[in-house]
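Here is the structure we will look at, set down as structure tokens.
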Amino acid sequence: MHPPLPAPARLRYAGGDRRLWGAFHDGTMLRRALLRRLPLPSAALAGAVALIAGGALAQSLRDSPTVNSYGLPGLLDMPTATSFDNANVTTTVFGFDGIYHGTLSFQVLPDVTVSFRYSDLTYQTRNTAFEHWDRSFDIHWQAITEDGWWPSVAVGARDFIGTGFLSGEYVVATRHLGSRDQVAVTAGIGWGRFADRNTFTNPLGAIDPRFETRPDRTIGQGGEAELDQFFRGDAAVFAGIEWQATEDLRLQLEYSNARFVDDSLSTVDFVIDSDINLGLTYDLGQWGQVSAQYLYGNTIALRYAVAVNPTRPAVPGLIADAPIPVAARPAPPAHGYDRAWVAAPGAATTLRDAVEAALLTDGGAMTLVGLNVDADRATLRLRNLAYPQEAMALGRALRIMAATLPASVEMFEVIFVVAGLDTSRVRVARSDVERNLHQASGAGLTMALAEVEGARVVSDPATLEIAGDDASRFTWGLAPYLELSLFDPENPLLYDVGIAASARFEFGGGFVASAIAHLPVFGTLGEARIVDGVQPGGPFPVRSESALYHQASDGYIDHLTLSHYATVAPDIHTRLTFGYLERMFAGVSGEVLWHPARSDIAFGLEVNHVWRRDFDGGFGVQDYDVTTGHVSAYIDLGNDFEAQLDLGRYLAGDWGGTFALERTFDNGWRVGAFATLTDVSFEEFGEGSFDKGITLTVPLHWLTGTQTRREGGGTIRPLWRDGGARLDVDGRLYDLVSDYQRPNLVETEGTLWR
Amino acid sequence: MITASLRAPALLAALTLSLSGCIGSQGRDLPDLGTLRDTFGLGGAETLGPSALDLARATTPQSMAALGSDLLIVEVPALGLATRMVPVGTTGGVTSWQDDAGRHEVALSQSGVLRSTRGMVADLMSSDTGMTEAALAARRPGNVARVMVHLDGELRDSPERHLCEIARQGDATLTLAGRSYATAIFRETCLAEDDSAYVNRYWIDADGMIRQSLQWISPEIGEVRMARFSP
């Protein structure tokens, strides 16, 4: 069975005069597709809910493990020694009377699952109800894969950075039985919260007696990984059995000695009447798994989990017109191709009109900034507005050049312009285009022969210089926006909906003016809690008073800036921005980036001097000002991982560093995490101990199959406090420039001739 | 993997057309409808939908003379597409054919073996069909291998090597735009890397030109059906 196919959307009319013969009526008839449409949510992804792409066939226990109540591969409360499909992003919600967990997990490596969980824990004592919103991180590693008689073995730590309500570690083994893996048997040992009853002395005590005791968790501010607790203290066993009863129904039975409640709440009536948990899970195919359970001998619980995989797009293809074809030049006459055309009167106008017409035929996804030609070489400057894969923009540019430039032009050069900057110069021989366009894997062949270098290494051809209309660009927009605040200790979800007005003007010469204003129409952000105010000895509340910004403004200027971009040397770009840089700060921001066109590493230096803005979001500033700045290293680690390291001074005047690691996908998906450590001590930082978070980027074209560079996603921070706070200024150089350097062009090269 | 697309409405329309054709046949200027039904399939099971038949019916010697170049009638059942294409550019020994609005493209070798497609959502990005072309040119049955390149979910080139067997399947006489071609029919049965199979069929005339074919594009889209008219 093959996956459902998309109904083709309206194919854009390419424009231009493509009528090649007049003797026929229009012969193209496109009828409604015969295929099943994609399910509705694929057309309207909103945050957490997504689809399992791929076949609707239910898969075996081994290929498609059950998602347990904590978002990891497992049974009910307990884990199993299995892994999700590589790169799966899974959302799980689970709850019963007073206890609710929402988990986002990611299969970051084929055998490593990580997760972030937000829990609402309400415990009833006789007199009071105690409600706690808890954030926790888990890691799960399937170290050994089932083979022959040997079971799979996994080791994991639950809630290893957090307040410790759910903390525990485990080692677990799972074995599948039956010709179709219908039965899975699991057994394991757990420590910490996994070992509440029927415990025994830690077997690891034979290695070192210190394993036999588990130090009390210093609950403190949470947010620290209490590594000295791992695998220590008494242990207990757990076990389970899972049976694939029908194609869609699984039954689970679990023996667990765990108690996921903090010890400090020992007065709380969280009663466990039985060590046996029972559950059944129903597979909804693309819509996920739903489960009903009978836990602890006294409670009924429900769970729902759904996954999306970045390598399985919602639309398995591209909904767009065919590209401009390439026709090889006729064989050259004995004395070579004619070169006199450069001097012909009107050559510049003719060429410019031809290129503009070709860009229009191509769908208007790119605009002409300039064209410099002589008889042998042409340099085309374009602005890429719509192609999400940069190599595809390059390929379309090469097609346009092959279709419009006279035969004597052998060397094609393409420069993509972003914010007035020449990002890089890509040089491809026309003969290579003609020869490799239709070769099997011709895209890779062409990119291997292409040269990518800084735009200033060689100068442009000078015989004919043609400017496009694009020299100055003005864009504006009026659109609704949604602003979310998550994990406020008293309100897990706060939101504002309103209208955003934006405008952007590129003057030319590298000057860019940009402004966005927000007018909230309705929402609950004004109810945000002010987090603890100014602590004595603590950092200045550069971020934790965000609630005051929400409360004091009806509409606000998000940013209002004038920037200047320049390239001062081959591979060295600069930016200078001043104005109202972000919602909370105004001032000056300057940056230098060194990013050689072929390099996997780039270095940057940024220095800012900013004043804290008034809470009302207008033009005023407050007394607080600070100089911040960072030295940054951007590293492509290979194997689809990228890292960024920033060292410097943050908004509260603290010194420290941030490390961010992202898993990237060639289609534009990015999933990552970051952590910042500064000289603000964990106590001074307050709850959470240090700044950390998860970043997620989802390209829109992955959902729609159309040509768009828009992306969705954002940063999820368990807490937004004042240590390690960085200025949020738009238009940083690395994001603008790195797309068109060689590493990214090679990553997206599959789409070169698309 | 073949996407068979027998649809009741299409079959009904084809029958209706054929009946009306019988009643209103104009004689020499219209192609023989019986041949047209056979033109795009085996027997009656895989007939063209009415729109592609209409295109074929309207392709007369006069219109071909006016066009002055070869013409393809192309049908992709999975997309509900039926269109005419003309050659728009040749490079590297491969000719691109596009429809009037430039929405869809097939790239064919000089003899007519499919090399790539564009605008068909899940396109065949590129391919190496040298062995198939050589076997068809020599009219020699046997085993060949072809390389088929599609994009995976991360938009990376994903080349696959498919092993195929070419067999002779008889002869047929085709009438296209009033010209008659004596063709040899070849069937190419290929095995994809996921163990699914697909079949390509070629009707090759005396000059080695593929006059009619059904060729596989991708698992999602299935096959493309083409008929080639010459002035």
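Scanning segment A:441-470 for residues that are under 30 Å from B:GLN110 (Cα atoms) and open to solvent by 30 Å² or more (accessible area, probe 1.4 Å), we see that the one that is farthest from the other protein chains (Cβ to nearest Cβ) is A:LEU449.
In segment A:104-138, which residues are β-branched (Val, Ile, Thr) and touching a Gly at 6+ places or on another chain (Cβ under 6 Å)? Passing the criteria: only A:THR122. Here segment B:137-163 is the region considered, the condition is being open to solvent by less than 30 Å² (accessible area, probe 1.4 Å) and among the charged types (D, E, K, R), and the residue that is nearest to A:VAL746 (Cα to Cα) is B:GLU154.
Scanning segment A:507-527 for residues that are open to solvent by less than 50 Å² (accessible area, probe 1.4 Å) and out of contact with any strand residue (DSSP E or B) (no Cβ under 7 Å at 6 or more places or on another chain) returns A:GLY508, A:GLY526. Cβ-Cβ contacts under 9 Å between residues 6 or more apart (or on different chains), taken from a first residue in segment A:453-464 that is more than 20 Å from A:VAL737 (Cβ to Cβ) to a second residue that is part of a loop (DSSP other than H, G, I, E, B) and not charged (D, E, K, R), are listed as A:PRO461/A:ALA375; A:THR463/A:ALA375. Looking at segment B:84-94, which of the residues that are within 7 Å of chain A (Cβ to nearest Cβ) and of a type in the set (Gly, Ala, Ser) is farthest from B:GLN110 (Cα to Cα)? Selected residue: B:GLY89. Each residue in segment B:69-83 was checked for being facing chain A (nearest Cβ under 9 Å) and not aliphatic (A, V, I, L, M), and 4 of them qualify. Taking segment A:358-368 as the range and being touching a Gly at 6+ places or on another chain (Cβ under 6 Å) and either assigned to a strand (DSSP E or B) or open to solvent by 30 Å² or more (accessible area, probe 1.4 Å) (or both) as the test, the residues that pass are A:LEU360, A:LEU368. Looking at the structure I just gave you, is A:GLU434 surrounded by 20 or more Cβ atoms within 10 Å (Cβ to Cβ) and either within 29 Å of A:ASN372 (Cβ to Cβ) or not small (Gly, Ala, Ser) (or both)? Considered against the rule, which asks whether it is surrounded by 20 or more Cβ atoms within 10 Å (Cβ to Cβ) and either within 29 Å of A:ASN372 (Cβ to Cβ) or not small (Gly, Ala, Ser) (or both), A:GLU434 comes out as no. Residues in segment B:100-139 that are at positive phi, in a loop (DSSP other than H, G, I, E, B), in contact with a strand residue (DSSP E or B) (Cβ under 7 Å, 6 or more places away or on another chain) and facing chain A (nearest Cβ under 7 Å): B:GLY119 only.
Quick one: in segment A:303-354, which of the residues that are assigned to a strand (DSSP E or B) and more than 7 Å from every other protein chain (Cβ to nearest Cβ) is surrounded by the fewest Cβ atoms within 10 Å (Cβ to Cβ)? Ranking the candidates gives A:TYR304 first. For segment A:448-487, filtering for residues that are over 27 Å from A:SER514 (Cα atoms) and in contact with a Phe, Trp or Tyr (Cβ under 9 Å, 6 or more places away or on another chain) leaves 3. Output yes when any residue across segment A:381-392 is out of contact with any strand residue (DSSP E or B) (no Cβ under 9 Å at 6 or more places or on another chain), of a type in the set (Gly, Ala, Ser) and surrounded by fewer than 22 Cβ atoms within 10 Å (Cβ to Cβ), and no when none is. The answer is no, given that none of the residues of segment A:381-392 is out of contact with any strand residue (DSSP E or B) (no Cβ under 9 Å at 6 or more places or on another chain), of a type in the set (Gly, Ala, Ser) and surrounded by fewer than 22 Cβ atoms within 10 Å (Cβ to Cβ). For the structure I just gave you, tell me whether A:PHE116 is open to solvent by less than 30 Å² (accessible area, probe 1.4 Å), under 24 Å from A:VAL93 (Cα atoms) and part of a loop (DSSP other than H, G, I, E, B). No: the conditions fail for A:PHE116. Residue pairs whose Cβ atoms lie under 6 Å apart, separated by 6 or more positions or on different chains, with the first residue in segment B:153-164 and part of a loop (DSSP other than H, G, I, E, B) and the second acidic (Asp, Glu), are B:GLU154/A:ASP666; B:LEU155/A:ASP666; B:ARG156/A:ASP666. Scanning segment A:557-593 for residues that are among the charged types (D, E, K, R), under 23 Å from A:VAL631 (Cβ atoms) and surrounded by fewer than 23 Cβ atoms within 10 Å (Cβ to Cβ) yields a total of 2.
Listed by first and then second residue, the pairs linking a residue in segment B:187-202 that is more than 14 Å from B:ASN143 (Cβ to Cβ) to a residue that is in a strand (DSSP E or B) and open to solvent by 20 Å² or more (accessible area, probe 1.4 Å), with Cβ atoms under 6 Å apart and 6 or more places separating them unless they lie on different chains, are B:GLU193/B:GLU160; B:ALA197/B:LEU191; B:VAL199/B:THR189; B:ARG201/B:ARG187. So, of the residues in segment A:420-435 that are facing chain B (nearest Cβ under 10 Å) and touching a residue at least 60 places away in the same chain (Cβ under 8 Å), which turns out to be nearest to the chain's Cα centre (by Cα)? Taking the candidates together, the pick is A:VAL433. Of all the numbered requirements in (1) without any contact (Cβ under 8 Å) to a residue 40 or more places away in the chain; (2) at negative phi, A:GLY98 misses one, and that requirement is (2). Restricted to segment B:75-117, and to residues there that are of a type in the set (D, E, K, R) and open to solvent by less than 10 Å² (accessible area, probe 1.4 Å), the residue that is farthest from A:HIS438 (Cα to Cα) is B:GLU75. Scanning segment A:610-632 for residues that are exposed (fewer than 15 other Cβ atoms within 10 Å of the Cβ) and either outside any strand (DSSP E or B) or not acidic (Asp, Glu) (or both) returns A:GLY618, A:PHE619, A:GLY620, A:GLN622, A:THR627, A:VAL631. For B:ARG187, the criteria (1) open to solvent by 50 Å² or more (accessible area, probe 1.4 Å); (2) within 10 Å of chain A (Cβ to nearest Cβ) hold in every case but one, which is (2).
If you go through segment A:641-654 one residue at a time, do you hit one that is touching a residue at least 12 places away in the same chain (Cβ under 8 Å), under 30 Å from B:ASP157 (Cβ atoms) and in contact with a Pro (Cβ under 9 Å, 6 or more places away or on another chain)? The answer is no, given that none of the residues of segment A:641-654 is touching a residue at least 12 places away in the same chain (Cβ under 8 Å), under 30 Å from B:ASP157 (Cβ atoms) and in contact with a Pro (Cβ under 9 Å, 6 or more places away or on another chain). If you go through segment A:600-617, how many residues are over 10 Å from A:TYR549 (Cβ atoms) and not aliphatic (A, V, I, L, M)? Qualifying residue count for the region: 8.
Checked against the criterion of being closer than 24 Å to A:ASP654 by Cα, in contact (Cβ under 8 Å) with a residue 40 or more places away in the chain and β-branched (Val, Ile, Thr), segment A:544-564 contains not a single residue that satisfies it. Among the residues that make up segment A:538-547, is at least one of them outside any strand (DSSP E or B) and in contact with a Ser or Thr (Cβ under 6 Å, 6 or more places away or on another chain)? No; the residues of segment A:538-547 include none that is outside any strand (DSSP E or B) and in contact with a Ser or Thr (Cβ under 6 Å, 6 or more places away or on another chain).
The values are calculated or read from the model by the stated rules, or taken from the named source; none is laboratory data. All figures in this text were calculated on a predicted structure; none of them were measured in a lab. A quick note on method: Cβ atoms are made from the backbone with ideal geometry, for glycine too, and the neighbour counts reach across all protein chains shown. All accessible areas refer to the heavy atoms of the entire protein, side chains included, with ligands and DNA or RNA removed. Shrake-Rupley method; radii C 1.70, N 1.55, O 1.52, S 1.80 Å.
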